[in-house]
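Asker: Take a look at the following structure, please.
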Amino acid sequence: MIEGPDQYFEQQDMAIKLMLLENKADELTNILVAALQDAFRLLEDEQDTVH
């Protein structure tokens, strides 16, 4: 069976809830910071290609 985007996001939500319940906020923070750094890097690369 092929999973759609809704199922993917539901799995992500459940994983985050489990991390919070298990007091793994530090790990969650590290994941979120890494994701933000990746997003900023992508935006910077995109800006360099536009100008």
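Asker: Among the residues of the range 33-51, which ones are modelled with pLDDT under 90 and not β-branched (Val, Ile, Thr)?
Answerer: 45, 46, 47, 48, 51 - these are the residues of the range 33-51 that are modelled with pLDDT under 90 and not β-branched (Val, Ile, Thr).
Asker: Okay, next question. Against the definition (among the acidic types (Asp, Glu), open to solvent by 100 Å² or more (accessible area, probe 1.4 Å) and either part of a helix (DSSP H, G or I) or free of Cβ contacts under 8 Å to residues at least 24 places away in the same chain (or both)), how does residue 27 come out, yes or no?
Answerer: Spelling it out, it is not the case that residue 27 is among the acidic types (Asp, Glu), open to solvent by 100 Å² or more (accessible area, probe 1.4 Å) and either part of a helix (DSSP H, G or I) or free of Cβ contacts under 8 Å to residues at least 24 places away in the same chain (or both).
Asker: Select from the range 14-24 the residues that are in a helix (DSSP H, G or I) and at pLDDT below 90 and write down the one among them that is most open to solvent (accessible area, probe 1.4 Å).
Answerer: It comes out as 21.
Asker: I've got another one for you. May I ask you to list the residues in the range 31-51 that are part of a helix (DSSP H, G or I) and over 10 Å from the mean Cα position of the chain (by Cα)?
Answerer: 37, 40, 41, 42, 43, 44, 45, 46, 47, 48, 49, 50, listed by residue number.
The values are calculated or read from the model by the stated rules, or taken from the named source; none is laboratory data. Remember, it's a predicted structure, so these values are computed and weren't measured experimentally. Cβ sites come from the backbone with ideal geometry, for glycine too, and all protein chains shown count toward neighbours. The accessibility values were calculated without ligands, DNA or RNA, using every heavy atom of the protein model including side chains. Shrake-Rupley method; radii C 1.70, N 1.55, O 1.52, S 1.80 Å.
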